[in-house]
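Okay, so here's the structure we're looking at.
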């Protein structure tokens, strides 16, 4: 069986920052209802806000980027002698503002008795904040160590799972990323983001039925999520790959438009026999984007189905000239040449298409190897080199970054910070 090839859109979306962008919303909830600080009854003024309430207020202030309110809550915690909790909240404020290194320094400088071992809940929060800071600094071994410490004490920590999902995804360790994303989705049943990323992963690895299920669940959780249009386009693309063209059209009907959606719509219309409508969409796209690969390829396909191979040559030759490493446009061009009686040109185009196909097959095999070997930096560097050969600098950068993330995980403990 041929190894599935990751889709051409893999790279532009291989970013996990949005997954952890709302981390504090979950962490704040953990402080409010899940941690159970156990400070009630320590002689605090019953009429004043509890430490838990102050911590929650600080977390929520950071969520809404209200630095003044967060600092006020930190001062109130210090006035009560809760130096450890105040320091952790301040460190988290620093992380949220992009000062992760100072946050690590602040946590390291806290007095030992401020984070005493008997305050297990506070220690878990220290590990969580340190883990997020390390992740944002790409100190992956330290981040993994801290977040695993959180999970050892609290296996259902949604924040630890979320950060580990982002980190393993960045490193191209897909099985581990899926494991943490599934946990995040289970523990945060209203959050659409883990299901959206699970859909993206399965789409990229051509596991289209699973991709559609994850996308549908993400949209069920949040029909009007910020990435709604992207999710709908990706889901429609998966449906097209499954030849479920009418379902794809129904999905695309929920969108206002855009070239990516319109190309998928044209492809669906062509598949169900409405070549005229498909051609109209393609012509509109080429008016403003004359080098669009998908539109050029689809125009050639429509001409071929219309029995006009000579007409198909022009857009397909332009597609090859502008996108020389694309397999499908060369294959279509070979078909057009053959139909137009240009056998020598057809043979040459077919041979080059097969060479590109073999290169892509090797590229796909390496993706599966990277999936199976999450700690192998060399296979990720080989993927980067092959991406360069395929004229995909975006993919090259993704896999170079993934290799760097894996290499960071090999550093001796003494060098991790």
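Readers should treat all values here as calculations from the given coordinates under stated rules, not as data from a laboratory. Computed from a predicted model, the values in this text were never measured in an experiment. Positions of Cβ are backbone-derived with ideal geometry, glycine not excepted, and every protein chain shown enters the neighbour counts.
Between the stretch 241-311 and the stretch 318-360, what is the C-alpha centre distance in whole Å? Between the Cα centre of the stretch 241-311 and that of the stretch 318-360, the gap is 20 Å.
Averaged over residues, the count of other Cβ atoms within 10 Å places the peptides 238-248, 326-336 in the sequence 326-336, 238-248, highest first.
A straight chain from residue 373 to residue 359 at 0.36 nm per residue would run longer than the Cα-Cα distance by 3.0 nm. Cα centroid separation, the stretch 202-223 to the stretch 136-155: 28 Å. Which of the three applies to the stretch 64-182, rounded, prolate or oblate, going by the alpha-carbon gyration tensor with a ≥ b ≥ c and a/c under 1.5 meaning rounded? Judged from the Cα gyration tensor, the stretch 64-182 comes out prolate (a/c at least 1.5, a/b above b/c). Quick check: from the Cα gyration tensor, does the stretch 235-289 come out rounded (a/c under 1.5), prolate or oblate? Judged from the Cα gyration tensor, the stretch 235-289 comes out oblate (a/c at least 1.5, b/c at or above a/b). Distance between the 7 Å Cα→Cβ label points at residue 75 and residue 321: 6.9 nm.
By the beta-carbon count within 10 Å of each Cβ, the least crowded to most crowded order of 301, 222, fewest first, is 222, 301. A straight chain from residue 284 to residue 241 at 0.36 nm per residue would run longer than the Cα-Cα distance by 13.1 nm. Plainly put, the stretch 279-407 has a radius of gyration that is 1.10 times its Kirkwood radius, both from alpha-carbon atoms, as the Rg/Rh ratio. Note on the stretch 199-281: Kirkwood radius taken over Cα pairs, Stokes-Einstein applied at 20 °C and 1.002 mPa s, translational D equal to 169 µm² s⁻¹.
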